[in-house]
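What follows is one structure encoded as structure tokens, with my remarks underneath.
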Amino acid sequence: MKLVLAIVNNEDSAVVAAELTRSGFIVTKLSTTGSYLMVGNTTLLIGSEDADVPGIKQIIQKYSKTRTAVKPTSNSLGRGLAFHDMESEVTVGGATVFVLDVDSMDKY
């Protein structure tokens with residue numbers, strides 16, 4: 001048995017969770033914050049049999065999109081810097097997936 005932890009961008013989490021549920025997986029959603037921009041993410045917890053992990057990963061990969069975002073720089077406004085020099089584009093989104101072994105699972 002496995003526990004799949006998938007950290008997904010908030011913009012993709014509803015679609016990813018819906019597709020996993022539609023495919024018969026039980027999904028628990030946790031609101032989380034982190035990464036480079038300290039933006040909202042959703043951590044999905046999915047318990048599954050070992051053989052189901054590739055299908056879970058395929059769904060997560062298919063519905064988790066990367067996109068660009070503008071990140072303000074921490075440079076000070078010194079001489080010669082314009083406002084547009086204070087920003088940089090970074091890639092955000094996608095998913096980070098961890099697969100953990102589970103010794104036992106009980107449901108009460």
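Of all residues in region 31-54 being part of a loop (DSSP other than H, G, I, E, B) and not small (Gly, Ala, Ser), which is least open to solvent (accessible area, probe 1.4 Å)? Of everything passing the filter in region 31-54, 37 is least open to solvent (accessible area, probe 1.4 Å). In region 1-25, the qualifying residues are those that are over 11 Å from the mean Cα position of the chain (by Cα) and among the hydroxyl-bearing types (Ser, Thr, Tyr), and the one that is least open to solvent (accessible area, probe 1.4 Å) is 23.
Only a single criterion out of (1) loosely packed, with under 11 Cβ neighbours inside 10 Å; (2) modelled with pLDDT under 75; (3) of a type outside the set (Asp, Glu) is not satisfied by residue 28, namely (2).
The values are calculated or read from the model by the stated rules, or taken from the named source; none is laboratory data. Computed from a predicted model, the values in this text were never measured in an experiment. In this analysis, Cβ positions are derived from the backbone assuming ideal geometry, glycine residues included, and neighbour counts consider all displayed protein chains. Surface areas here come from the heavy atoms of the whole protein model, side chains and all, with no ligands, DNA or RNA. Shrake-Rupley method; radii C 1.70, N 1.55, O 1.52, S 1.80 Å.
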